[in-house]
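**Q** Input: one structure, supplied below.
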Amino acid sequence: MALSLFLGKHNVQDTIKEIEEEKRSLASVKAVSVLQLLSDPSVRWQVLSVVVINMGMQLSGIDAHLTFPLLAVTLLSSFGSSMLYGFNLAVVNSPAVHIKAFYNATWYQRYGQGLAQGPLTLMYSLTVSIFALGGLVGSFPVGILVTQYGRNGTLIRSNFLVLLAGMLMGFSRYLGSPEMVILGRFIIGIHSGICLSVVPMYLGEIAPKNLRGFLGLVPSIFICLGVFSAQVLGLPEFLGEDAYWPLFLSVVVVPAFLQLLLLNWFPESPRYLLIEKNNVHGAAEGKLNKCCYLFLNQSQVGTEIVLGLICFYHDQKQIWFYTNAIFENAGVPDPDIPYTTVGTGAIEVVAGLIGCFTIEKVGRRSLLIVGFCFMGICCAGITLSLVLQPSVSWMRYISVAFVIGIIAGFCMGPAGVPFLMTAELFKQSHRPSAYIVGGSLNWLSNFTVGFVFPFLQMSAGAFCYLVFCGICFLVALYVYFIIPETKNKTFMEISQLFTSSRPAFFSNFPNSFKMIKLNGYGALENSSLELSGSGSNLP
């Protein structure tokens, strides 16, 4: 059985009960569009929470039974999708000089003269930023894709985008075409835009409630690992030389090919099959490929295996774009700066692991609040250290410590928890559209920060970090007052809890701000049979 394959024998009955209950509550409801989601007052606070934590993330132990198939599909989907997002965030940093030289040489061959500094910088900036534009484009069709092909099916099909992008970038220098590099970056961005939403959605639906937080942060660990891998492979000892940069950009085809080959052996989300496709047989009897089933069903593994298999995370743009300059000001020799940057990547991995292995103990809210507050303090610290740096020489080392602090605070919670909570705050009918909203805002914020920060830094100098400091503290306050704890709760319980946890704070608001029931579905539905005291009074 698909459920017993993912969950083992311990959680199947509770999960079936939860899915059937949610299916009954959505019997007359089809998947809602983005416009319906945004206009539905019964989920307005969930939508606002997704907006805040997704924009905030850019601007600013386990006692359950973990089956080997559940662990395997988590690692495989994160390795072949989430890790590529992190890898492509950092892959163009180290070969920047070689890529610019290729653009200039190609332009000279075509037109008999080289590129001026301005157009050359513009072409390289387009190469870097078009990845985020591709991600924004890729986030829009997520709802249609996961409804049409399923979560697993969407991930499998998206690998063809990576193979196409890898071929374009890998053969670009051989064919003398900078356009192939730019187009390849755009296509790989589309893939990341799709997978950044689909992977946490898939894992959130197949994981039992007492493992949802732990498994939900695994993709963020692999994003960190992708950044770290790009930093390591970009060193001169590996693929950082001029002769190897096309291979460096196209190495993404290896994880994509492995996922394309192996992920098809794993079943589709039972929740998707039962609720959206009404496929009871598929949800109950979906099996692995026979060879894979014989291998994976041999044993169950503890979470200590995860520690040896996963390590990864994703970056905060305004810090990573300017780490080298901060390290240079701190007196780090130029030849050593790439290795220092690799060290910060390793810190990302460690911080992400800390968040992953503590989320089921401390909860989602605590990781978000502590993470954003710690980042806010470090942003203020960077401003103070940069202001005092001309008069106090050792302050330059303090600024490096604060940079590392921002990275660590970001990786422990704000990097991965928003994707997890997007899955938890919405029911099946609303979830795809919620991921479109959260994903598009995430990519838009990603692009905006990378584009605006240089101008903000030129105009405000060291005080530019105070903008991000304020954003971090505001998001932390929003999480504290608005978002309830979702740890170890079913989707139906979370839907009810999200409404009932805030009446005291908003009791003085006008009636127009109160949530109302819309067409028999949404956050105020009280059809859950799992809630103790089902007669609780909801506004």
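The values are calculated or read from the model by the stated rules, or taken from the named source; none is laboratory data. Since the model is a prediction, treat every value here as computed from it, not as a measurement. Counting neighbours? That spans all protein chains shown, and the Cβs are built from the backbone with ideal geometry, glycine included. Heavy atoms of the whole protein, side chains included, go into the accessibility calculation; ligands, DNA and RNA do not. Shrake-Rupley method; radii C 1.70, N 1.55, O 1.52, S 1.80 Å.
**Q** Out of the helices (runs of 4 or more DSSP H) lying entirely within the stretch 193-270, which hold 1 or more residues that are in contact with a Lys or Arg (Cβ under 7 Å, 6 or more places away or on another chain) and within 30 Å of Tyr339 (Cα to Cα)?
**A** Details: elements: 212-216, 218-233, 245-250, 253-262.
Where helices (runs of 4 or more DSSP H) fall fully within the stretch 193-270 and carry at least 1 residues being in contact with a Lys or Arg (Cβ under 7 Å, 6 or more places away or on another chain) and within 30 Å of Tyr339 (Cα to Cα), they are 245-250.
**Q** Just a yes or no: is a residue in the stretch 99-111 small (Gly, Ala, Ser) and surrounded by fewer than 17 Cβ atoms within 10 Å (Cβ to Cβ)?
**A** At the first step, the residues of the stretch 99-111 found to be small (Gly, Ala, Ser) are 101, 105.
From what's left, surrounded by fewer than 17 Cβ atoms within 10 Å (Cβ to Cβ): 101, 105.
Checked the stretch 99-111: at least one residue is small (Gly, Ala, Ser) and surrounded by fewer than 17 Cβ atoms within 10 Å (Cβ to Cβ).
**Q** Between a first residue in the stretch 163-181 that is in the same structural domain as Pro95 (by the TED database) and a second residue that is open to solvent by 40 Å² or more (accessible area, probe 1.4 Å), which pairs have beta carbons less than 6 Å apart while being 6 or more apart in sequence or on different chains?
**A** As it stands, the answer is Leu163/Val253; Gly166/Val253; Leu168/Leu183, since those pairs meet every condition given.
**Q** Okay, next question. List pairs: first residue in the stretch 223-242 and in the same structural domain as Glu348 (by the TED database) and farther than 8 Å from Phe87 by Cα, second residue among the basic types (Lys, Arg) and at pLDDT below 90 anywhere in the structure, Cβ distance under 8 angstrom, at least six positions apart or on different chains.
**A** That search, which allows pairs on different chains as well, returns nothing.
**Q** Next question. Among the numbered criteria (1) open to solvent by 50 Å² or more (accessible area, probe 1.4 Å); (2) at pLDDT 90 or above; (3) aliphatic (A, V, I, L, M), which single criterion is violated by Leu367?
**A** With (1) open to solvent by 50 Å² or more (accessible area, probe 1.4 Å); (2) at pLDDT 90 or above; (3) aliphatic (A, V, I, L, M) applied to Leu367, the lone miss is (1).
Each row is one residue, and each column tells you yes or no for (1) over 30 Å from Ile275 (Cβ atoms); (2) touching a Ser or Thr at 6+ places or on another chain (Cβ under 7 Å); (3) in a helix (DSSP H, G or I); (4) not basic (Lys, Arg).
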{"position": "Ser94", "(1), (2), (3), (4)": "yes, no, no, yes"}
{"position": "Ala101", "(1), (2), (3), (4)": "yes, no, yes, yes"}
{"position": "Ala105", "(1), (2), (3), (4)": "yes, no, yes, yes"}
{"position": "Gln113", "(1), (2), (3), (4)": "yes, no, no, yes"}
{"position": "Leu120", "(1), (2), (3), (4)": "yes, no, yes, yes"}
{"position": "Met123", "(1), (2), (3), (4)": "yes, no, yes, yes"}
{"position": "Arg151", "(1), (2), (3), (4)": "no, yes, yes, no"}
{"position": "Leu161", "(1), (2), (3), (4)": "no, no, yes, yes"}
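**Q** So which residues in the stretch 329-342 are open to solvent by less than 30 Å² (accessible area, probe 1.4 Å) and outside any loop (DSSP other than H, G, I, E, B), if there are any at all?
**A** Of everything in the stretch 329-342, those that are open to solvent by less than 30 Å² (accessible area, probe 1.4 Å) and outside any loop (DSSP other than H, G, I, E, B) turn out to be Ile337, Thr341, Val342.
**Q** Under 19 Å from Lys361 (Cβ atoms) and in contact with a Pro (Cβ under 7 Å, 6 or more places away or on another chain): does that describe Gly409?
**A** The answer is no for Gly409.
**Q** Moving to a separate point now. Answer yes or no as to whether Gln428 is more than 27 Å from Leu225 (Cβ to Cβ) and open to solvent by less than 10 Å² (accessible area, probe 1.4 Å). Don't jump to the end; show me each part of the working.
**A** Numbers: more than 27 Å from Leu225 (Cβ to Cβ): yes; open to solvent by less than 10 Å² (accessible area, probe 1.4 Å): yes.
The answer is yes for Gln428.
**Q** Now a separate question. Name the single residue, out of those in the stretch 356-405 being outside any helix (DSSP H, G or I) and of a type in the set (S, T, N, Q), that is farthest from Phe419 (Cα to Cα).
**A** Checking each candidate, the answer is Ser391.
**Q** Quick check on this structure: which one of Phe498, Phe426, Phe419, Phe468 is modelled with pLDDT of 75 or more and in contact with a Pro (Cβ under 6 Å, 6 or more places away or on another chain)?
**A** Details: Phe498 fails: modelled with pLDDT of 75 or more; Phe426 fails: in contact with a Pro (Cβ under 6 Å, 6 or more places away or on another chain); Phe468 fails: in contact with a Pro (Cβ under 6 Å, 6 or more places away or on another chain).
Just one listed residue meets the conditions, Phe419.
**Q** Given the residues Ala504, Ala523, which is the only one that is buried (at least 21 other Cβ atoms within 10 Å of the Cβ), modelled with pLDDT under 50 and over 23 Å from the mean Cα position of the chain (by Cα)?
**A** Ala523
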